[in-house]
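S.K.: The structure is given below, and queries will be raised subsequently.
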Amino acid sequence: QVQLVESGGGLVQPGGSLRLSCAASGMLFSIYHMGWYRQAPGKQRELVARITVGGTTTYADSVKGRFTMSRDNAKNTVYLQMNSLAPEDTAVYFCNAARFNENYWGKGTLVTVSS
């Protein structure tokens, strides 16, 4: 079955960087649009970044210029490079794979930005 496994979360100081990874299995990775979402305590899940099958990326306004999403179809993996992290970036980050009426989620990885 389809599995999405996120990794790379942790505790980082404000201004620091982290790189999240999402490894996919059980699917033909290259035909899925991929996304990173996040959910902060007490808030709704929100889209952070998305990359299409063709490699086009879009970002939430709150992360533009700080976060970069990429995909490696040979490794069935997407990445989220997060720079200049701020406390408001603290959240559980989820990986998503979408195609037509298919929608898959990982279990998430916690990112905590705090001094």
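S.K.: Of all residues being aliphatic (A, V, I, L, M) and out of contact with any Lys or Arg (no Cβ under 6 Å at 6 or more places or on another chain) in region 35-54, which is least open to solvent (accessible area, probe 1.4 Å)? Just the residue, please.
M.R.: Among those that are aliphatic (A, V, I, L, M) and out of contact with any Lys or Arg (no Cβ under 6 Å at 6 or more places or on another chain), it is Ala49.
S.K.: Taking the residues in region 77-107 that are open to solvent by 50 Å² or more (accessible area, probe 1.4 Å) and assigned to a loop (DSSP other than H, G, I, E, B) as candidates, determine which candidate is farthest from Leu4 (Cα to Cα).
M.R.: Ser84
S.K.: Same structure again: Could you pull out the residue among Tyr79, Tyr93 that is in contact (Cβ under 8 Å) with a residue 24 or more places away in the chain, hydroxyl-bearing (Ser, Thr, Tyr) and closer than 14 Å to Ala24 by Cα?
M.R.: On the way: Tyr93 fails: closer than 14 Å to Ala24 by Cα.
Within the list Tyr79, Tyr93, the selection yields Tyr79.
S.K.: Also: Take region 55-75 and flag every residue that is surrounded by 14 or more Cβ atoms within 10 Å (Cβ to Cβ), more than 18 Å from Leu110 (Cβ to Cβ) and among the hydrophobic types (A, V, I, L, M, F, W, C).
M.R.: Ala60, Met69, listed by residue number.
The values are calculated or read from the model by the stated rules, or taken from the named source; none is laboratory data. Note that the structure is a prediction, hence the values are computed from the model and not measured. When we count neighbours, we look across all protein chains shown, and the Cβ atoms used for this are built from the backbone with ideal geometry, even at glycine. Heavy atoms of the whole protein, side chains included, go into the accessibility calculation; ligands, DNA and RNA do not. Shrake-Rupley method; radii C 1.70, N 1.55, O 1.52, S 1.80 Å.
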